[in-house]
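The values are calculated or read from the model by the stated rules, or taken from the named source; none is laboratory data. Quick caveat, the model's predicted, so the values are computed rather than measured. Methodologically, a virtual Cβ is constructed for each residue, glycine included, from the backbone with ideal geometry; neighbour enumeration extends over all protein chains shown.
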């Protein structure tokens, strides 16, 4: 383990390992090799060993990882050893879906309130979770020491929301608005971009090889024209 | 460009480049260097040159890329040069949010119908898009030659939905259900997992360095105990 920050791609794989361990433990599997983790995750065994080695030596060469022990360590590494209290900003369809989904599915996250400016939804509940007026967000963030927010407001409102909530203590934001947002240093914004997911999916929907070989032909033609289009 | 398949991580970056080019073109920028693309995307200039080189030679050394030309090529590479017709399965909050969002925001995707089994929502519209009974999905898929589906049904229903729609011609699926789904060979399933996003976000919400140095201490202690827990 080094003192420099761990790369984002490593951090994104940690919850995947956690989920696999949860499933193995449910199936009473006590020891898993990096090859076993590779089969379940699709990442290479070497990658997995390297990822986990960032944080310490959790396995035994030739034997593997103790699933319960590694799970416990991963919870601490990710910061899930205590339930994280989270707020959602925006009680539209996406905010409602996220709130319902996480309230039921996620052992590690506790959504404590949803905020909205729309008087028609304020005062209602999503499952057990209250929808509060956005003006109350600063008070709730401070009172409960909330660090994490999910933003599902329209693009035009997103930056103002970020300015407001980071001023009162939010340090990590999962943003669903299709906007490039700016935050003070030390605040981490992660964009969950459905358009990117969808477009990379479309790549696979048509015959990949056929399209690429057509493009290759075009590229060669362009080359022989000495990249006229770039002149 | 090689004849083997392009790696998934490269494919995921292509829509990011496309979005940047869209923005540059809006700002009347005609030429962009790989360094310029790097500043906008956060990927290294070397990575960007390598990614684009898979598909042909689109730039001029020392000058850069013509934004309009590269955008046009990227549209063809991803398969977005023609609008892709898509269906959504599941008209709950998430399905509704995706349908509204994409119908408005996405130039490249055309959601033509949403399917559900719930008689209370069937027959309604989401924006301009009709909610149809799931029994009609095979007919619509075939009639319109649909290849791409977004699945937002509950976990328990997801595998049956995949079996049904892939049997009738769907080859690319963006899955929002928290389930590991199986599909026939040649079908690409991409999981959009909000839990993973959220958990990796939580990693950043607490003081990273403090936590890691505590873990390092623990790891050293465990080492000195010769990994007793693994015995």
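So which residues in the stretch A:85-111 are part of a strand (DSSP E or B), more than 9 Å from every other protein chain (Cβ to nearest Cβ) and buried (at least 17 other Cβ atoms within 10 Å of the Cβ)? Before the answer, list the steps.
Let us first name the residues in the stretch A:85-111 that are part of a strand (DSSP E or B), namely A:85-89, A:109-111.
Retained after the next criterion (residues that are more than 9 Å from every other protein chain (Cβ to nearest Cβ)): A:85, A:87-89, A:110-111.
Within the stretch A:85-111, A:85, A:87, A:88, A:89, A:111 qualify.
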Single unsatisfied condition, residue A:32 versus (1) within 26 Å of residue B:214 (Cβ to Cβ); (2) without any contact (Cβ under 8 Å) to a residue 24 or more places away in the chain: (2)
For residue A:204: the one exception among (1) over 26 Å from residue A:114 (Cβ atoms); (2) at pLDDT 80 or above; (3) part of a helix (DSSP H, G or I); (4) out of contact with any strand residue (DSSP E or B) (no Cβ under 9 Å at 6 or more places or on another chain): (4)
Candidates B:64, B:95, filtered to the one that is touching a strand residue (DSSP E or B) at 6+ places or on another chain (Cβ under 7 Å) and either assigned by TED's automatic domain parsing to the domain that holds residue B:126 or closer than 21 Å to residue A:191 by Cβ (or both): B:95
Boolean, residue B:131 is modelled with pLDDT of 95 or more, more than 17 Å from the chain's Cα centre (by Cα) and surrounded by 20 or more Cβ atoms within 10 Å (Cβ to Cβ): yes
Selection from the stretch B:148-176 of residues that are over 25 Å from residue A:19 (Cβ atoms), out of contact with any strand residue (DSSP E or B) (no Cβ under 6 Å at 6 or more places or on another chain) and buried (at least 16 other Cβ atoms within 10 Å of the Cβ): B:164, B:171
Residue under evaluation residue A:118, criteria (1) at pLDDT 90 or above; (2) under 18 Å from the mean Cα position of the chain (by Cα), criterion not met: (2)
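If you go through the stretch B:153-176 one residue at a time, do you hit one that is within 16 Å of residue A:74 (Cα to Cα) and either part of a helix (DSSP H, G or I) or within 10 Å of chain A (Cβ to nearest Cβ) (or both)?
No.
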The stretch A:1-38, subset surrounded by 12 or more Cβ atoms within 10 Å (Cβ to Cβ), part of a helix (DSSP H, G or I) and modelled with pLDDT under 85, residue farthest from the chain's Cα centre (by Cα): A:8
Cβ-Cβ under 9 Å pairs, at least 6 apart or on other chains, the stretch A:60-84 side more than 9 Å from chain B (Cβ to nearest Cβ), far side in a strand (DSSP E or B): A:67/A:31; A:67/A:32; A:70/A:32; A:70/A:59; A:83/A:109; A:83/A:110
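Can you confirm whether residue B:186 is out of contact with any helix residue (DSSP H, G or I) (no Cβ under 7 Å at 6 or more places or on another chain) and away from every other protein chain (no Cβ under 14 Å)?
Working: out of contact with any helix residue (DSSP H, G or I) (no Cβ under 7 Å at 6 or more places or on another chain): yes; away from every other protein chain (no Cβ under 14 Å): no.
No; evaluated as a whole, the condition is false for this residue.
With B:137, B:179 as the choices, which residue is farther than 30 Å from residue A:57 by Cα, at pLDDT below 90 and surrounded by 14 or more Cβ atoms within 10 Å (Cβ to Cβ)? Full working, then the answer.
Details: B:137 fails: at pLDDT below 90.
Result of the check over B:137, B:179: B:179.
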Conditions (1) in a helix (DSSP H, G or I); (2) in contact with a strand residue (DSSP E or B) (Cβ under 9 Å, 6 or more places away or on another chain); (3) within 11 Å of chain B (Cβ to nearest Cβ); number of the one not met by residue A:141: (3)
Evaluation of residue B:24 against (1) touching a residue at least 40 places away in the same chain (Cβ under 8 Å); (2) within 11 Å of chain A (Cβ to nearest Cβ); (3) touching a strand residue (DSSP E or B) at 6+ places or on another chain (Cβ under 8 Å); (4) farther than 30 Å from residue B:129 by Cα (one fails), failing number: (2)
Residue in the stretch B:117-126 that is surrounded by fewer than 17 Cβ atoms within 10 Å (Cβ to Cβ) and at the interface with another protein chain (Cβ under 10 Å from one of its Cβ atoms) present: no
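Can you tell me which residues in the stretch A:127-138 are part of a strand (DSSP E or B) and within 14 Å of chain B (Cβ to nearest Cβ)? Break it down stepwise before answering.
The first filter runs over the stretch A:127-138 and keeps only residues part of a strand (DSSP E or B), leaving A:129-133.
Once the filter is applied, which keeps residues that are part of a strand (DSSP E or B) and within 14 Å of chain B (Cβ to nearest Cβ), the stretch A:127-138 yields A:129, A:131.
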